[in-house]
Each structure stands twice: as C-alpha cells, then as structure tokens.
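One structure is given here, and the rest of the page talks about it.
The values are calculated or read from the model by the stated rules, or taken from the named source; none is laboratory data. Worth saying up front: this structure is predicted, and the values here are computed from it rather than measured. Glycine gets a Cβ as well: all are built from the backbone with ideal geometry, and neighbour counts include every protein chain shown. These accessible areas exclude ligands, DNA and RNA; they are computed on the full protein's heavy atoms, side chains included. Shrake-Rupley method; radii C 1.70, N 1.55, O 1.52, S 1.80 Å.
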Amino acid sequence: MAKFLLSVHVLGAILLIGPVTIAASLFPRFARQALADGPEQQSAKGAVRLLHRICRVYSVVGISVPVLGVGTAEVMGVMGSAWLIASMALTAVAAVLLGIAVLGTQDHVITQLDRPDPTPTATESLIAQLPRLSLITGLFALLWLIVVVLMIVRPGSTTGA
C-alpha cells in the first residue's frame, strides 16, 4: 500500500503542482503585455486568462497532493520525522503564497482586463505589482524545490533510503 500511495503522491506532485508552478511563473510576463498597449495585447489577454485558469483549477485539485502525502507518511510510519514536518510547513507556506498573493494578484489583473474602459491609474498600478508577483512566484517555485529535495534526501531518516 505504501508504494502505491507514494507513487500516486509523486505523480500528483508532478502532474498537478508542476503546471501551477509553470503557469504562475509565466503569468507576469503575459500580464505585462496584456495590460500595455501594443500589437501583442490581444493574444496576451488570452494567454493571461488561460494561465489564470490553469493556476486556479490546478491549485484546487493540487490539494490532493499533500493529503496523499500525509496518508503515505502515516502508512510508512514517518509522521514525526523532522524532514516531513519541515516539508509540511513549507507546503503550507507555498499554499498561502499561491492562494493569497499569486491568485489574488492574478484576480486583480483579470478584473482590470475585463473592464470595458480600464483606468490608466489602475493599469499602471497593476503593472507596477508584476515584479513583486514574479518574486512571489519564484519563492513559490523555490519552496517546492526545497520540499522535493527534503522528500528525496530525508535528512536524519532511518528508513534506509
């Protein structure tokens, strides 16, 4: 049972968390183009909407990854391990960053794009927030990188891996 749960957990991480990480990382670039006047504005608007939808849907479905991880840890008997507790804490921080900072800013961009007559001040404000969004999505990706390393290396583990 442990091997099955671990396999589903790892596949879930790859297929659900990976797309969110990539889509969130691409969003600021296309949002900048979509909010600015230029020849690429229309195609960038479509890309922004698609990237936002990917982030929103996959983040909801991605909740299954830590849930499966906890189930796997229970079956393997490693729930009290320091590496697992650290991974769970980093996962919680990543979820908060995604849920509040990333999706929140993306929602503001989509709202601005959907306005029939967007105000220049609001648009400029959003463009100014995009470097911060890039930083946050980079931190989100870095947190997942650390979690993956902790899951592979398992410092202090006595399970023989």
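In the full protein context, the chain carries 56 Å² of accessible surface per residue, based on a 1.4 Å probe and ignoring ligands, DNA and RNA. Look at the dipole of the chain built from charges on Cβ: of ALA82, VAL48, THR111, the Cα furthest out on the positive end belongs to ALA82.
Here the chain is treated with +1 on each Lys and Arg Cβ and -1 on each Asp and Glu Cβ, and its dipole about the Cα centre works out to around 260 debye. Mean silhouette area of the chain, derived from the convex hull of its C-alpha atoms and averaged over all directions, reads 9.6 nm². Please give the residues of segment 73-98, grouped as numeric ranges, whose backbone N is less than 18 Å from a label point set 7 Å along the Cα-to-Cβ vector of ILE146. It comes to 81-98, nothing else.
Kirkwood's formula applied to the C-alpha pairs of segment 23-67 gives a hydrodynamic radius of 11.2 angstrom.
Counting every alpha-carbon pair across segment 86-161, the share separated by more than 21 Å comes to 45%. Computed in the context of the full set of protein chains, the accessible area of segment 27-131 at 1.4 Å probe radius has 65% of its extent on carbon or sulfur.
Computed across segment 60-121, the Kirkwood radius stands at 14.2 Å (inverse of mean 1/r, all Cα pairs).
Pick out the long, greasy-scoring helices in the chain: whole DSSP H runs spanning 20 Å or more along their own axis by Cα, mean Kyte-Doolittle at least 1.6. Membrane-span-like by this rule: 82-96, 120-153.
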